[in-house]
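Visitor: A single structure is presented below for examination.
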Amino acid sequence: MNINKIKHILLAGLLCCSVSAVFTACVDNDDDVPQNYYQASKMTAAQFLTANEDNLGEFIELLKRTPYFSMLATYGNYTVFAANNEAMDTYLAENGYSSIADIPAEMCDTLARTHIIRNGAFFTTDVIEGDFPELNMKDDYIVLSLDSDVMNNNALLYYINKTSQLVEYDDSVTNGVVHVVNRTIKHTNNLLPDVIEEDPSLTIFAQALKLTGMADSLTRYLDETYTWGSDKKSLDSLYNGVMVRCTSGGRQWTDSYWPEKRYFKYTAFVEPDSVYHNHGIHNIEDLTAYAKKVYDATYPEDAGLYDNDPRDRRNPLNRFVSYHLLNRVGQYNGWVGSKQLRDGCWITSLADAEDYYETMLPFTILRFCDPADGLFLNRKGLGSRYTIRGCKVLSPSESGSANQNALNGVFHYIDDILVYSVEVREEVLNRRIRIDATTLSPDFMNCNAKGRYGEDKLIGFRNNCITDWTVRGTDAYVGVHTDVGYWNSYEANAVCISGIFDVTFKLPPVPPGTYEIRLGYTANEERGVVQFYLNNNPCGIPVDLRDYGTVAHIGWLEDTDDEEENTANDKAMHNRGYMKAMDSYRSEGAEKPLRGNNWNLRRILATQRLEPNQNYYLRCRQVLENRLCYWSFDYIELCPKDVYASPTGEDTH
């Protein structure tokens, strides 16, 4: 997404020394360098295009009708998908134009921005499969998928958004990288329900989406009331003095940005008709009967009461469809952190990479996990040793040639029927639910803040523009830090909250039961002291986020080779209201997991019965009168009594 730099005085706490990032750093600093700046050692993107004018001449002509050819001659960090002459000729023929000069100026602008990522140079090796870390200049996802050339020894073929093949790729230039495609990349103005309806393999689900009225719930796109500031002075006043620094006492400068626009976006997980047919479902009547069987069992108190009104949120078919929908956008490779983290940080012999997201079926969540055999929904077990398989989400390469992206979201094919059944509620989700802080608002994902890897950047959020959050307080600031592998925090990121803040956010829904509600955080001498409240009831005394685990009232001791001694120490810490971090995750290059760091801690905030069909809110109030204090909010855990009070004890993963 194009984002406007608003301040260069926000400091971020780093807990260990830096290592190299995998992705080329994304920069957006055209304001800071002369527009005629060139590096002489190699060609710029514009010079590369010109040097290949015989093959790319029509694309150059298109770009020269916009400001973007000149932009590609300047300092920056761009990814350019250059359409060759064959691609441009096909575009002209398909749209009835006789030449590039006939294309309307507005369409030239759209085409050019569709083919350029302005905030990063990304090579095919940086993505593997799925979306590129940054959006293009039209704020669309660029999705990479793979195929093999059976006529050429199964050579690997790369495709952009399913239809544009990379015929030349990874050409490095001084200001980024150029890939050449044989078809233009399409920008769509269709909303998600329309894209689903247009897919001939999704007729049954499309009917259900329309019949239940849930299609109408997927039509928002742009928040027309949103502004990121009217002038620089007002922005400066918002950020004056908001700063943090690292544990060593040194300072690390980090840019902070407002998103330029605020979007409403959605994701649908959809069974193709063929999956329904495998279950004896051949039409909407069959699906209605199937939904009734499942949801009458899940909600017996509602059985038979709402069958005649599919638009009622308690109707079985409505519940079936709603559980397939999320009020946030997520591409295939973006649900459980970046591939770099999954490969380098998760200790997969102990735990699958996972995360949890609330669905549009009220008071329900989905478990996402990413074992070696792909991305799964509501799977139970570790890796291939599962007891409940769940639904596999098909990758872009497994999904055929259909366009899955809409203006306001994306749909993914799944290979089995997704339901919120009694089995899912009582077995799959009867587990310790660890939720990364960056998943706690759809706004964190809809502007592409969550999951951006390899940068050191904060994406700030206007205090009244964070769904499921209320933010109050003098100079209160909420920002999502991008994924930086060397960070000693779960999923290598955090929600950074600073100023004299008083924030409240909605906890994700969980199945009914008694839970320990735990805060995962990183301690640091500048973190501050926070009073927590659950539904406005104080959660004990304030938590001093400055205290490392070795202070007496926490009692952290380093693990030994004696497991009984380690277990005894864990129990002693638990009795004090604290826990070590997990042993299933480590920062990139670290020899020991987060459990081995005395600054990675969990604080037990409350033990309480959580009822069905009720929202719970956690309020967090900074009690120190120090505007420089901040909180690096890592994750929340909701751990059921079946786990924390298990006769065999809770695992350390």
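The values are calculated or read from the model by the stated rules, or taken from the named source; none is laboratory data. As the structure is a computational prediction, the values presented were derived from the model and not from experiment. Please note: Cβ atoms are built from the backbone with ideal geometry, for glycine as well, and neighbour counts cover all protein chains shown. For the accessible areas, the whole protein counts, side chains as well, though only heavy atoms, and no ligand, DNA or RNA atoms are used. Shrake-Rupley method; radii C 1.70, N 1.55, O 1.52, S 1.80 Å.
Visitor: Could you provide, to the nearest whole Å², the per residue accessible area of the chain with probe 1.4 Å? Walk me through the intermediate numbers first.
Guide: Working: 25370 Å² over 653 residues.
It amounts to 39 Å² per residue over the chain.
Visitor: Arranged from highest to lowest average of other beta-carbon atoms within 10 Å per residue, in what order do the peptides 535-548, 96-109, 190-203 appear?
Guide: On the way: 535-548: 16.2, 96-109: 12.9, 190-203: 18.8.
Packing order, densest peptide first, comes out as 190-203, 535-548, 96-109.
Visitor: Please name whichever of Thr359, Tyr453, Cys539 sits farthest to the positive end of the charge dipole of the chain, dipole taken about the Cα centre and charges placed at Cβ: Lys and Arg +1, Asp and Glu -1.
Guide: Cys539
Visitor: Also, I was wondering about something else. About its Cα centre, what dipole magnitude does the stretch 100-189 give when the only charges are +1 on Lys and Arg Cβ and -1 on Asp and Glu Cβ, stated in debye to the nearest 20?
Guide: On the way: 6 positive and 14 negative charges, 31 e Å.
Charge dipole, the stretch 100-189, about its Cα centre: 160 debye, nearest 20.
Visitor: Of the cross-linked pairs Lys138/Lys457; Lys261/Lys450; Lys210/Lys261; Lys450/Lys506; Lys292/Lys506; Lys580/Lys641, which ones have a Cα-Cα span greater than 23 Å in the structure shown? Mind showing how you got there, number by number?
Guide: Details: Lys138/Lys457 21 Å; Lys261/Lys450 16 Å; Lys210/Lys261 29 Å; Lys450/Lys506 18 Å; Lys292/Lys506 30 Å; Lys580/Lys641 19 Å.
Checking Cα-Cα distances, Lys210/Lys261; Lys292/Lys506 exceed 23 Å.
Visitor: Classify the stretch 595-638 from the C-alpha gyration tensor, please: rounded if a/c falls under 1.5, else prolate or oblate depending on whether a/b exceeds b/c. Spell out each step's value before the answer.
Guide: Working: a/c = 2.90, a/b = 1.39, b/c = 2.09.
In terms of gyration-tensor shape, oblate.
Visitor: Given the Cα-Cα distance of Lys506 and Asn190 and 0.36 nm per residue of separation, how much length would full extension add, in nm? List each step's numbers first, then the result.
Guide: Working: separation 316, 0.36 × 316 = 113.76 nm, distance 3.13 nm.
Computed gain between Lys506 and Asn190 is 110.6 nm.
Visitor: Which value in nm describes the separation of the simple spin-label points at Arg311 and Ala289, placed 7 Å from the Cα toward the beta carbon?
Guide: Those two pseudo-labels are separated by 2.7 nm.
Visitor: Multiply the residue separation of Asn535 and Lys641 by 0.36 nm, subtract the distance between their alpha-carbon atoms, and state the gained length in nm to one decimal.
Guide: Working: separation 106, 0.36 × 106 = 38.16 nm, distance 2.03 nm.
So the extension gain works out to 36.1 nm.
Visitor: Per residue of the chain, what 222 nm ellipticity follows from adding -39500 (n - 2.57) for every DSSP H run with n ≥ 4, rounded to the nearest 500? Spell out each step's value before the answer.
Guide: On the way: 16 runs with 128 residues, N = 653.
Mean residue ellipticity at 222 nm (helix-derived): -5500 deg cm²/dmol.
Visitor: Now for a different question. Can you classify the stretch 276-361 as rounded, prolate or oblate using the Cα gyration tensor, where a ≥ b ≥ c are the square roots of its eigenvalues, rounded means a/c under 1.5, and otherwise it's prolate if a/b beats b/c and oblate if not? Please list the in-between numbers first.
Guide: Values: a/c = 2.65, a/b = 2.37, b/c = 1.12.
In terms of gyration-tensor shape, prolate.
Visitor: Please give the contour-minus-distance gain from Asn613 to His277: 0.36 nm per residue of separation, less the Cα-Cα distance, rounded to one decimal in nm. Intermediate values should be presented prior to the final figure.
Guide: Working: separation 336, 0.36 × 336 = 120.96 nm, distance 3.32 nm.
Gain in length upon complete extension: 117.6 nm.
Visitor: Testing the spin-label approximation: label points 7 Å from Cα along Cα→Cβ at Arg385 and Glu106. State their distance in nm.
Guide: 6.0
Visitor: Let me ask you something else. Given a Förster distance of 35 Å, report the FRET efficiency between Arg546 and Ile347 from their Cβ-Cβ distance, rounded to the nearest 0.05. It would help to have the intermediate numbers written out before the result.
Guide: Numbers: r = 29 Å, r/R0 = 0.82.
After rounding to 0.05, the efficiency reads 0.75.
Visitor: Further question: Could you tell me what percent of the accessible area of the chain is made up of carbon and sulfur, with a 1.4 Å probe and every protein chain present? Mind dumping the intermediate values first?
Guide: On the way: 12170 of 25370 Å².
Summing carbon and sulfur atoms, their accessible area is 48 percent of the total for the chain.
Visitor: Taking 8 Å as the Cα distance limit and 6 or more residues as the minimum spacing, I'd like the relative contact order of the chain as a percentage. If you can, show how the numbers build up before the last one.
Guide: Values: 1498 pairs, mean separation 91.3, N = 653.
Taking the mean separation of contacting Cα pairs over the length of the chain, I get 14 percent.
Visitor: Given the chain, what percent of its DSSP beta bridges are antiparallel, to the nearest 5? Display every interim value, and only then the final one.
Guide: Working: 100 of 116 bridges.
If I count the DSSP bridges inside the chain, around 85 percent turn out antiparallel.
Visitor: Taking a ≥ b ≥ c as the square roots of the eigenvalues of the Cα gyration tensor of the stretch 505-653, is the shape rounded (a/c under 1.5), prolate (a/b larger than b/c) or oblate?
Guide: oblate
Visitor: Of Tyr630, Gly96, Phe264, which is farthest towards the positive pole of the chain's charge dipole, taken about the Cα centre with +1 and -1 on the beta-carbons of Lys, Arg and Asp, Glu respectively?
Guide: Ranked along the dipole, the leading option is Tyr630.
Visitor: Using a simple charge model, +1 on the beta-carbon of Lys and Arg, -1 on the beta-carbon of Asp and Glu, nothing else, what dipole does the chain show about its Cα centre, in debye to the nearest 20? Before the final figure, lay out each step's value.
Guide: Values: 61 positive and 91 negative charges, 394 e Å.
Using Cβ point charges on Lys, Arg, Asp and Glu, the chain gives about 1900 debye.
Visitor: Name the residue from Leu440, Gly485, Gly499 whose Cα lies farthest towards the positive end of the charge dipole of the stretch 440-506, charges +1 on Cβ of Lys and Arg and -1 on Cβ of Asp and Glu.
Guide: Leu440
Visitor: In addition: Sort the following peptides by mean Cβ neighbour count (other Cβ atoms within 10 Å, averaged over residues), highest first: 63-69, 568-574. Before the final figure, lay out the partial values.
Guide: Values: 63-69: 18.6, 568-574: 15.9.
The densest-packed peptide leads the list: 63-69, 568-574.
Visitor: Can you tell me the FRET efficiency between Leu222 and Glu565 if r is taken as the Cβ-Cβ distance and R0 is 45 Å, rounded to the nearest 0.05? If you can, show how the numbers build up before the last one.
Guide: Details: r = 58 Å, r/R0 = 1.28.
Efficiency for this residue pair is about 0.20.
Visitor: Could you work out how far apart the two model spin labels at Glu650 and Asp416 are, taking each label as a point 7 Å from the Cα in the direction of the beta carbon, and quote it in nm?
Guide: The answer from the label model is 2.9 nm.
Visitor: How would you order 465-476, 266-277 from highest to lowest mean count of nearby Cβ atoms within 10 Å? Provide the component values of the computation, followed by the final result.
Guide: Working: 465-476: 17.1, 266-277: 20.8.
Taking the mean over residues of other Cβ atoms within 10 Å, the ranking is 266-277, 465-476.
Visitor: Rounding to the nearest 20 debye, state how big the charge dipole of the stretch 385-508 is about its Cα centre with +1 on each Lys and Arg Cβ and -1 on each Asp and Glu Cβ.
Guide: On the way: 13 positive and 15 negative charges, 28 e Å.
I would put it at about 140 debye.
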